[in-house]
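Enquirer: One structure follows; several queries about it will come next.
The values are calculated or read from the model by the stated rules, or taken from the named source; none is laboratory data. The structure displayed is predicted, hence computed values, not measured ones. Cβ: placed from backbone, ideal geometry, glycine included. Neighbour counts: every protein chain shown.
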Amino acid sequence: MKQQQQQRNDNGKNTIGRSSKDNYDVVFLDGRHLYLRPPTKDDLPYLTRWINDQRVTRFLKTSVPMSEAAEAAWLEGLDGGKDRNIILVIVDKATGKPIGTMGLHRIDWKDRRATTGTMIGDRRYWEKGYGSEAKMLLLNYAFNTLNLHKICSGAIAFNARSIGYSKKCGYKEEGRLKQHVFKNGRYWDKVLLAVFKKDWLPIWKEFRRTGSVPHLRKKARQK
């Protein structure tokens, strides 16, 4: 009887804190509270809902409605452009549900640079550190696996949350494109940011030790 019970546990059944489904999850980049994995067709309902939620897309360039068929076509097209774009789904470990996407775009293999893009589509996860954790995992992959030299990003000037969490992860503002984006009835600057591995490494070491990115808060207290 004990052997049968142990076998059931070894197969992932009746194991405390873990379900049999967990044994088959695809995990590409693993963190404390989340992991990143390639997108699948099962993600289409989430992707379609997020890209049509104007409370989410007010911070993005997109401004037109997207059907599930259009999202499916976009998803299928990803396989043909992996040398230039790597898109991953952010999954909450506690629930096993997708909460957003993050990627490396326009990868330039000669100059060793790329641009990051993020969408936390599930608004319940905003301002809880999930974006910072996912970004640190992605930067570790970009710098220490792909050997990229510089990672760029951009945000509409009113998107203080995106600019703030990027700076937490080591990005610095490099400039602005004046009146570059039309949103909410007016033109806004686009803030250009970038991070180099040498500036990111101390933050990564602290992140690995504590699981958070606290360096900006420390500096703020010192002023």
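Enquirer: So which of Asn85, Asn14 ends up being modelled with pLDDT under 95 and on the phi > 0 side of the Ramachandran plot?
Expert: Working: Asn85 fails: on the phi > 0 side of the Ramachandran plot.
That would be Asn14, the only listed residue that is modelled with pLDDT under 95 and on the phi > 0 side of the Ramachandran plot.
Enquirer: Kindly list, by first and then second residue, each pair from a residue in the range 154-173 that is under 11 Å from Ala194 (Cβ atoms) to a residue that is at pLDDT 90 or above and not hydrophobic (A, V, I, L, M, F, W, C), limited to pairs with Cβ atoms under 7 Å and residues at least 6 apart or on different chains.
Expert: What qualifies is Gly154/Lys190; Ser166/Ser153; Gly170/Asp199; Tyr171/Ser153.
Enquirer: Then there's this: Taking the options Ile51, Ile90, name whichever one is under 11 Å from the mean Cα position of the chain (by Cα) and at pLDDT 90 or above. I'd like the intermediate steps shown before the answer.
Expert: Values: Ile51 fails: under 11 Å from the mean Cα position of the chain (by Cα).
Result: Ile90 is the single residue among Ile51, Ile90 that is under 11 Å from the mean Cα position of the chain (by Cα) and at pLDDT 90 or above.
Enquirer: If you scan the range 108-138, which residues turn out to be touching a Ser or Thr at 6+ places or on another chain (Cβ under 8 Å) and of a type outside the set (D, E, K, R)?
Expert: Passing the criteria: Thr115, Thr116, Gly117, Thr118, Met119, Gly121, Gly129, Gly131, Ser132, Ala134, Leu138.
Enquirer: Having 3 or more residues that are crowded, with 16+ Cβ neighbours inside 10 Å, of a type in the set (A, V, I, L, M, F, W, C) and in contact with a strand residue (DSSP E or B) (Cβ under 6 Å, 6 or more places away or on another chain) is the bar; report the strands (runs of 3 or more DSSP E) wholly within the range 121-223 that clear it.
Expert: Output list reads 150-156, 186-196.
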